[in-house]
Amino acid sequence: MICQPTASHFVDGRYLEDEAGDEIAVIYPATGTPIATVHAATDAVIDAALDAATRAQAEWAALSPRARGRVLTDAARIMRARNRELSELETYDTGKPLSETLVADATSGADALEYFGGLAGTLTGEHIPLGGDWAYTIREPLGVCAGIGAWNYPTQIACWKAAPALACGNAMVFKPSETTPLSALKVAEILLEAGAPAGLFNVVQGMGMVGARLATDPRIAKVSLTGSVPTGKRVYAAAAAEMKHVTMELGGKSPMLVFDDADIDNAVGGAILGNFYSSGQVCSNGTRVFVQRGVKERFLDRLAERVRGAVMGDPMDEATTFGPMVSATQADKVMGYITQGRDEGARLVCGGTRLDRPGYWIEPTVFADVTDDMTIARDEIFGPVMAVLDFDDEADAIARANATPFGLSAGVFTRDISRAHRVIGALRAGSCFINSYNDAPVEVPFGAVKMSGVGRENARAAIEHYSQLKSVYVRMGDVEAPF
Ligand code: TXE
């Protein structure tokens, strides 16, 4: 296989192996074939990574912010130049079709490196006049940050965490998901090549236990996790014990509201993007599609017609538009939900079948006549299963859309401009869309409310989560003490 990393971990500027760690098989999801083996990080590897990061952070923070930024923008350039090979690796790691990885993974990672590289030189404190006296603030890095990734966007997640962290003068120890361990190693290689000091961005492999070790280590100042809500609760609690900073990008069950005045083809396109891109394995997906009753059948007909056009071929063939689930576990879980959808009385419009071929292939699946109490309308499935629910009244749809513990995303399709803003204003979610779905440019804050997470990634907002302010009061006259 092309450009495979040469060892499990990347620590202190080089590949590092320790075969004493548990073996983790890397499986190509399209065929179920093992393509690599990595070892979970032992305590020795974790210690080496944390020590290297601590050393590198001091060196890095002493550079001028613009010099730091230049390393990130150079890394972005290298990443773009190597996009094809990185995309092929990402496809092997995740099973996502090359038609997606070529445009959404290393490229969005490069966007983050470029954006935060440019921002680095602009990060400042402020001057606060107080009459004669004055104060100023210094924006300081947090220290060594831990990044813990999910398996759906391995390169993007590594970069979304590393870019703002490094721009602010922090170092990072990153643990990829055990399901997709390969791509983050390439991010580490590229940052080093771009001039980052050895040890600034380290990658250690492992299951949740390795993540838990990082979240509790006193050398870590901040933990940024992308993962499920149950894991988020555990990591947040572990970090709280040491008063560490956190960013939590967790799960969702986001609503998309389609009003009867919407452009139906655009609404169908939004529902496809918000349910079937990356085979539905996207945290912000709009998996509860509320469709106003007047356009329901037209929406479903057009949706079924377009979904049948999904091409489930070899992911390395750029004509393929729909890939497999990331793992056997995920495929079993999704099939369980499809069975439950049928059993609880939802109407299967299309899909619903696991393909009889090697790998973890499940057809894009649409259920109609879904009601709010059904399991498929409540749980995050994280697979290609769309639930279409009916509604008549705007206020009722908003109330039902908000009746979930999650709060990551929300979308509305309507031609009525007032309604669009009114509805989005009422929906409780962090990342929202009007007549679109799932756009996540780096310039825009990305994050959640309620159980879907805390903090924001991307945009200037991320800077607040990777830096802290030191306030300095400056007295210009004498000190008047009471005695
Ligand atoms: O996620 P986990 P998994 C959802 C999705 C999926 C389910 C399980 O529904 O089916 O979660 O996927 C690390 N301390 N999402 O098991 O367990 C773990 O090793 C520290 C939605 O992959 O949340 C991995 O690196 N770290 C989500 C990362 O946390 C721990 C994306 C995420 O693992 C840990 C992924 C611990 N105690 C899954 N336990 C989204 N919404 O984007 C695990 N980890």
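Some values worked out for this structure:
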read-out: Enumeration of residues in region 178-209 that are surrounded by fewer than 24 Cβ atoms within 10 Å (Cβ to Cβ) and either without any contact (Cβ under 8 Å) to a residue 60 or more places away in the chain or within 12 Å of the ligand (Cβ to nearest atom) (or both); value: Glu178, Thr179, Met207, Gly208, Met209
read-out: Gly131 without any contact (Cβ under 8 Å) to a residue 12 or more places away in the chain and either within 16 Å of the ligand (Cβ to nearest atom) or out of contact with any helix residue (DSSP H, G or I) (no Cβ under 7 Å at 6 or more places or on another chain) (or both); value: yes
read-out: Among (1) under 30 Å from Thr216 (Cα atoms); (2) outside any helix (DSSP H, G or I) - the single one Ala239 does not satisfy; value: (2)
read-out: From the options Thr247, Thr231, residue that is under 15 Å from the mean Cα position of the chain (by Cα), in a helix (DSSP H, G or I) and either within 16 Å of the ligand (Cβ to nearest atom) or at pLDDT 95 or above (or both); value: Thr231
read-out: Some residue of region 285-303 being surrounded by 24 or more Cβ atoms within 10 Å (Cβ to Cβ) and in contact with a Ser or Thr (Cβ under 6 Å, 6 or more places away or on another chain); value: yes
read-out: Condition check for Tyr153: among the aromatic types (Phe, Trp, Tyr), in the same structural domain as Thr226 (by the TED database), over 29 Å from Glu88 (Cβ atoms) and in contact with a Ser or Thr (Cβ under 9 Å, 6 or more places away or on another chain); value: no
read-out: Out of Ala271, Ala171, sole residue that is more than 16 Å from the ligand (Cβ to nearest atom), over 25 Å from Gly425 (Cβ atoms) and buried (at least 24 other Cβ atoms within 10 Å of the Cβ); value: Ala171
read-out: Enumeration of residues in region 431-483 that are away from the ligand (no atom under 14 Å from the Cβ) and of a type in the set (Lys, Arg); value: Arg456, Arg460, Lys470, Arg475
read-out: Sole exception among (1) in contact with a Leu (Cβ under 7 Å, 6 or more places away or on another chain); (2) farther than 30 Å from Tyr473 by Cα; (3) in a helix (DSSP H, G or I) for Arg68, by number; value: (2)
read-out: Some residue of region 315-327 being at pLDDT 95 or above, among the aliphatic types (A, V, I, L, M), assigned to a helix (DSSP H, G or I) and over 27 Å from Glu394 (Cα atoms); value: no
read-out: Within region 361-474, strands (runs of 3 or more DSSP E) holding 1 or more residues that are farther than 21 Å from Gly345 by Cα; value: 409-413, 431-434, 467-474
read-out: Matching residues, region 215-228, being in a helix (DSSP H, G or I) and more than 7 Å from the ligand (Cβ to nearest atom); value: Thr216
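Residues are listed down the side, and each one gets a yes or a no for (1) touching a helix residue (DSSP H, G or I) at 6+ places or on another chain (Cβ under 7 Å); (2) surrounded by fewer than 20 Cβ atoms within 10 Å (Cβ to Cβ):
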| site | (1), (2) |
| --- | --- |
| Arg347 | no, yes |
| Pro364 | yes, no |
| Glu380 | no, no |
| Val388 | yes, no |
| Asp392 | yes, yes |
| Asn402 | no, yes |
| Leu408 | yes, no |
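The values are calculated or read from the model by the stated rules, or taken from the named source; none is laboratory data. Worth saying up front: this structure is predicted, and the values here are computed from it rather than measured. In this analysis, Cβ positions are derived from the backbone assuming ideal geometry, glycine residues included, and neighbour counts consider all displayed protein chains.
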